[in-house]
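Everything below concerns the one structure shown next.
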Amino acid sequence: MSIFNKYPYIVVEGPIGSGKTTLARMLADKFPVDYLSEKAESNPFLPRFYQDAQRYALPTQLFFLFQRANQIKDLSQRDMFAKPIVADFFLEKDPIFARLNLDDEEYALYHQIYQHLHIKASKPDLVIYLQTPIDALVARVEERNVSYEQDIPREYLERLANAYSEFFHNYDASPILIVNNEKLNILKNANLANNANNANNESALDLLITRIGQIKGQREFFNPNFD
């Protein structure tokens, strides 16, 4: 039985470089499900944000807020018999970045707009949180070699990883699988045409899928060890 029979709406989350988009896409390729992506690359302010965070934080954040709100609105209007979904974001994480990047006045404005939108997000049936050590995040951001991401300071990634950990420590709206993502690196070489790397990625994915199928509680942990 597919994991999507039990969890028809799965969200994969984690900070920049955790591999959440890669994992969500791999799940969508493996199963007959729809893939919902936040499409970070479509935000025209994002490259400028990493060069001048203070100047471009607010437009970057508001662009993401409206984009995600529209996607969530479309999701909530889907027919109950539509195909299952895997997404690489959910709206609840949006304030993580807002609180991290905006000053108090900007955050107050952001919060007003957030409240005014009256967003009613569908609750995920399962959230997979890729908890990734800071050294691994730094290495993986370098590996995927997105030009504007090379300007991201290590200190920012560290603050972001800590903010994610704090958020998911308190999150209880949906069942959650917290994955120690230090060794489960399906992001590594995922886009290279190498049979050995593809096999390793597939093996890691199958291991994770097996663990998802074993979930019984509201909050569980997965600490894969490949030694």
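All of (1) assigned to a loop (DSSP other than H, G, I, E, B); (2) within 27 Å of Ala108 (Cβ to Cβ); (3) modelled with pLDDT of 90 or more hold for Ser18 with one exception: (2). A single member of Ala24, Ala28, Ala69, Ala57 is over 30 Å from Ile215 (Cα atoms) and either over 18 Å from the mean Cα position of the chain (by Cα) or assigned to a helix (DSSP H, G or I) (or both), and it is Ala57. Quick one: would you say Tyr129 is surrounded by 13 or more Cβ atoms within 10 Å (Cβ to Cβ), hydroxyl-bearing (Ser, Thr, Tyr) and part of a helix (DSSP H, G or I)? No, not satisfied. When the residues of the stretch 31-54 are filtered to those that are part of a helix (DSSP H, G or I) and aromatic (Phe, Trp, Tyr), the one that is farthest from Tyr110 (Cα to Cα) is Tyr50. Only a single criterion out of (1) touching a residue at least 12 places away in the same chain (Cβ under 8 Å); (2) under 16 Å from Asp94 (Cα atoms); (3) of a type outside the set (A, V, I, L, M) is not satisfied by His118, namely (1).
Being part of a helix (DSSP H, G or I) and either surrounded by 17 or more Cβ atoms within 10 Å (Cβ to Cβ) or not aromatic (Phe, Trp, Tyr) (or both) is the requirement here; does Ile96 meet it? Yes; evaluated as a whole, the condition is true for this residue. Which pairs do you get when a residue that is touching a residue at least 12 places away in the same chain (Cβ under 8 Å), found in the stretch 20-42, comes within reach of a residue that is among the basic types (Lys, Arg) and outside any loop (DSSP other than H, G, I, E, B), reach meaning Cβ atoms under 9 angstrom, with the pair 6+ apart or on two chains? Close Cβ pairs (under 9 Å, with a partner that is among the basic types (Lys, Arg) and outside any loop (DSSP other than H, G, I, E, B)) amount to Thr22/Arg144; Tyr35/Arg25; Ser37/Arg25; Glu38/Arg68. Of the helices (runs of 4 or more DSSP H) contained entirely in the stretch 132-225, those carrying at least 2 residues that are of a type outside the set (A, V, I, L, M) and at pLDDT 90 or above fall at 154-170, 195-213. The residue pairs whose first member lies in the stretch 148-168 and is in contact (Cβ under 8 Å) with a residue 12 or more places away in the chain, whose second member is surrounded by fewer than 16 Cβ atoms within 10 Å (Cβ to Cβ), and whose beta carbons are closer than 7 Å, counting only pairs six or more residues apart or on different chains, are Asp151/Gln51. Evaluating Leu102 against the criteria (1) crowded, with 16+ Cβ neighbours inside 10 Å; (2) more than 25 Å from Ser18 (Cα to Cα) leaves one unmet condition, (2).
All of (1) at pLDDT below 95; (2) of a type in the set (Val, Ile, Thr); (3) within 13 Å of Ala98 (Cα to Cα) hold for Ile72 with one exception: (3).
The values are calculated or read from the model by the stated rules, or taken from the named source; none is laboratory data. Source: prediction; values computed, not measured. Note that each Cβ is placed from the backbone with ideal geometry, even for glycine, and that neighbours are counted across all protein chains shown.
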